[in-house]
Amino acid sequence: MPRTAKLPSILAADDDVVVQRLVAHSFEAAGLYVNVYESGKALLDNVNEDTLVCLVDMVMPEISGMDCLRAIKKKFPNTEVVILTNVNDASNAIEAMRQGAFDYLTKPFDPDELCLSVRKAMQLAKASRENEGLREAVNSAPSLGSSPLVGDAPSIARILKIGNRIAKSKNSVLINGESGTGKGVMARYLHSISDRADKPFITVSCPSLPKDLLESEMFGHEKGAFSGAIQKRLGKVELAHGGTLFLDEIGEMSLDLQPKLLSFIQERTFYRVGGEKQHEADVRIIAATNRDLQQMSQDGGFREDLYFRLNVLPITMPPLRERPGDTLLLAQHFLKRAAKREASPAPSLSVEAAQALQAHDWPGNVRELENVIERAFTLREEEDSIQGADLPAELRAAKSQASTATPSLAGKTLSEIEKIAIEQTLEHCKGNKAESARMLGISEKSIYNKMKRFQSGS
């Protein structure tokens, strides 16, 4: 198949013509656009940074599915890989997951199960791209004490200090925070500096799975356990053995499954759906949520005993509005990354653009900022700078409102202007004197002394 400038977001490779046709037909029926190749080499020749998911057969001539997986994850870490295999071999499945595979399916596969797996992989790949700026330090296997989060706010330093302390613990971690604050990044960082770093890091996205499939996804199922269960399947708990199980957005987990998760956390044993044999798994649980689980447990929406089991070691990721000093630092980081990707010099931020970025309260947090910078970088009118006009209208409006709200400084003494600057900066930083001092370019002690002088009226 000839290479084109813009390929589908899904590529597949299998040397079996029948499987090639079945994959193409299944995806077409599901409304998914795919290119199917007859070898791993052909797939690797065509995969690029726009590819979201690759579906590869484990056994192919010249280049195996495992070799494809390693090559793809090395060059395009945010591209997800789903493995097809003829043999339901747990050791091969676990090795594939350890090497970074998103999922594995055994032949003959159910077309609906295949499409569901690929859709979930696409969701994760898109989320990875949204958070790429935060993830890249984690993907490079950071050493103890290196920062996976961009920013030098005191809150970030505190979180990293806590993370370095608890990483080697076997106790459960609950990461709280709004969407877009880097909860998944923190989870991967904790795993990367733990004693389990060379073992699997397996993610379960609680909101993305239908209620009736979540238990099978977690604990696996036996052949014939339910309609469509044509093969035995290992669950994420079993695949994470020895490593970390990350439960993303745990607050969305159904009440029906919560007792089974609680039992597993307590006993470290589980049953596959439709099975009678008890299995063991040694995993470290890290959960994340953007909801108030304590309030949910009081309201009956989340089991209180499970909440206490998960909340042994809590971490709260701060929203971007509480670390305003990091806004421009992050913006510059995203600009440099975009420029590196395009092999071009990084554009600067104009004063107007910088003021607009700082005036916005970023309800979407770091993820929203990243999207704004990516769009501005792509659509900028001037090659060497980002102007205010390159930013979305709502940011320019926020900057305009902030300017209108600022009183005129004409006729005021320098001491009065200094007082206004300090008071407004403290208000902007929610009273955080260390943050305010850094933004003003003075020491924290100077802020204390000046505030004391203002209060005394001298």
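The values are calculated or read from the model by the stated rules, or taken from the named source; none is laboratory data. Being a predicted model, the structure only gives us computed values, none of them experimental. When we count neighbours, we look across all protein chains shown, and the Cβ atoms used for this are built from the backbone with ideal geometry, even at glycine. Accessible surface areas use protein heavy atoms only, side chains included; no ligands, DNA or RNA. Shrake-Rupley method; radii C 1.70, N 1.55, O 1.52, S 1.80 Å.
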- [ ] Would you please name the residue that is surrounded by the most Cβ atoms within 10 Å (Cβ to Cβ), looking only at residues in the range 91-120 that are assigned to a strand (DSSP E or B) and hydroxyl-bearing (Ser, Thr, Tyr)?
- [x] 104
Task: Matching residues, the range 47-68, being surrounded by 23 or more Cβ atoms within 10 Å (Cβ to Cβ) and within 18 Å of residue 120 (Cα to Cα) - done: 53, 54, 55, 56
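If you check residue 297 against the conditions, is it open to solvent by less than 30 Å² (accessible area, probe 1.4 Å), of a type in the set (Ser, Thr, Tyr) and either modelled with pLDDT under 90 or over 15 Å from residue 172 (Cα atoms) (or both)?
In short, yes.
Yes or no, residue by residue, for (1) aromatic (Phe, Trp, Tyr); (2) in contact (Cβ under 8 Å) with a residue 12 or more places away in the chain:
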residue: 205; (1), (2): no, yes
residue: 217; (1), (2): no, yes
residue: 220; (1), (2): no, yes
residue: 233; (1), (2): no, yes
residue: 245; (1), (2): no, yes
residue: 248; (1), (2): no, yes
residue: 264; (1), (2): yes, yes
residue: 267; (1), (2): no, no
Task: Some residue of the range 254-262 being closer than 23 Å to residue 222 by Cβ and in contact with a His (Cβ under 9 Å, 6 or more places away or on another chain) - done: no
Task: Search result, residues across the range 276-321 that are part of a helix (DSSP H, G or I) and among the aromatic types (Phe, Trp, Tyr) - done: 307, 308
Task: Qualifying position, being touching a strand residue (DSSP E or B) at 6+ places or on another chain (Cβ under 6 Å), within 24 Å of residue 98 (Cβ to Cβ) and not in a helix (DSSP H, G or I), among 43, 55 - done: 55
Open item on the list: Just checking, does the range 378-391 include any residue being open to solvent by less than 20 Å² (accessible area, probe 1.4 Å), under 28 Å from residue 155 (Cα atoms) and either assigned to a helix (DSSP H, G or I) or at pLDDT 70 or above (or both)?
Closed with: yes
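For the range 261-276, how many residues are among the charged types (D, E, K, R) and surrounded by 17 or more Cβ atoms within 10 Å (Cβ to Cβ)? Spell out how you get there, then give the answer.
As a first pass, look at the range 261-276 and keep what is among the charged types (D, E, K, R): 267-268, 272, 276.
Then drop every residue that is not surrounded by 17 or more Cβ atoms within 10 Å (Cβ to Cβ), which leaves 272.
The total comes to 1.
Matching residues to (1) open to solvent by 70 Å² or more (accessible area, probe 1.4 Å); (2) in contact with a Pro (Cβ under 8 Å, 6 or more places away or on another chain); (3) modelled with pLDDT under 85:
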{"residue": "313", "(1), (2), (3)": "no, no, no"}
{"residue": "323", "(1), (2), (3)": "no, no, no"}
{"residue": "335", "(1), (2), (3)": "no, yes, no"}
{"residue": "338", "(1), (2), (3)": "no, no, no"}
{"residue": "360", "(1), (2), (3)": "no, no, no"}
{"residue": "364", "(1), (2), (3)": "no, no, no"}
{"residue": "404", "(1), (2), (3)": "yes, no, yes"}
{"residue": "421", "(1), (2), (3)": "no, no, yes"}
Open item on the list: Tell me which helices (runs of 4 or more DSSP H) are completely within the range 149-227 and hold 2 or more residues being surrounded by fewer than 19 Cβ atoms within 10 Å (Cβ to Cβ), or say none if there are none.
Closed with: 154-166, 211-219
Task: Those residues of the range 228-241 which are part of a loop (DSSP other than H, G, I, E, B) and of a type in the set (A, V, I, L, M, F, W, C), in sequence order - done: 229, 230, 234, 240
